[in-house]
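One structure below.
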Amino acid sequence: MLLEEFNYAGVTAYQAMEDRARISSFYYILVGVLASGMAAIYQLSGGTHNVPLPLVATLLVIGALISICFFVTLIRLRQAHKESLLSMNKIKEFYLDQFKQQMPAIEHAFRWRLATMPKGERIGSVTFMIAALNAIIGSLCFAGAAFILTQQPLTGPGAFTLALAIFIIAVLVHIFYYRYALSKESDIKVIRKQEKDLESALQESAEKK
């Protein structure tokens, strides 16, 4: 049963990485379709003065909403991957405890354990790079929509300033959510809880013997 559980956790970890690659490819395809649609609108309109601005702004907002959906999905997949690794390492710790009397040096054969699991997300990781690109594209879409819709009510510099402020705010919101969902403190808390639960269970089992 433990072997099947370990194998299942390994499969789910692999599937999370595969799903990340698939949704990233799908997201870039959707962004390309939206960009092609805006380019087609520009060509069919015969110039910048004839472009239906509300339609372009709507497409940009749609692109921003798509970016948010994929950004959240990317984080959920990363959390699912970490959960699978946590399950695998917990089973590994159980086996190490059961066999340490027969094989005292067995602990040194495993580098990946609960204590060595990555905490948080480092800058430069694959997940970070994909999420950063996603956040920038989505924020640019929000800023572009705001610029288009406020060009006439505001002056050119005013519309640009508002669009820049919206871009910065959108990026900061993405960063806050990313750091909150994949925080190092949260990972440490979860890992320590699993270590404590496993230690308590093993102690109770030893006392019963």
Roll a 1.4 Å probe over the protein chains and send me the accessible area per residue for the stretch 18-124 in Å². 62
Lysine pairs meeting the criterion (Cα under 20 Å, 8 or more apart or interchain), as found in the chain: 28
Determine the share of the chain's accessible area contributed by carbon and sulfur atoms, expressed in whole percent, with a 1.4 angstrom probe. 67
When the helices in the chain are scored as -39500 (n - 2.57) per DSSP H run of 4 or longer and the sum is shared across all residues, what 222 nm value do you end up with, to the nearest 500 deg cm²/dmol? -29000 deg cm²/dmol
Computed lengthening from residue 136 to residue 4, 0.36 nm per intervening residue step minus Cα-Cα distance: 43.4 nm
Please compute the per residue accessible area over the stretch 133-209 with all protein chains in place, 1.4 Å probe, rounded to a whole number of Å². 69
When the chain is fully extended, how far beyond the present Cα-Cα distance does residue 173 get from residue 202, taking 0.36 nm per residue of separation? 6.2 nm
From the list (i) 1.01; (ii) 0.94; (iii) 1.45, can you say which value of Cα Rg over 2.2 N^0.38 Å was derived from the structure given? (iii)
Using DSSP H assignments, which helices in the chain have an axial alpha-carbon span of 20 Å or above and a mean Kyte-Doolittle hydropathy of -0.5 or higher? 2-45, 53-99, 126-149, 156-181
Report the calculated FRET efficiency for residue 151 and residue 39 (r = Cβ-Cβ distance, R0 = 25 Å), to the nearest 0.05. 0.80
Dipole axis of the stretch 54-209 (+1 Lys, Arg; -1 Asp, Glu on Cβ), positive-most option in 152, 176, 65: 176
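The values are calculated or read from the model by the stated rules, or taken from the named source; none is laboratory data. What you see is a predicted model; the values in this text were computed from it and never measured. A quick note on method: Cβ atoms are made from the backbone with ideal geometry, for glycine too, and the neighbour counts reach across all protein chains shown. Ligands, DNA and RNA are excluded from the accessible area calculation, which covers all protein heavy atoms including side chains. Shrake-Rupley method; radii C 1.70, N 1.55, O 1.52, S 1.80 Å.
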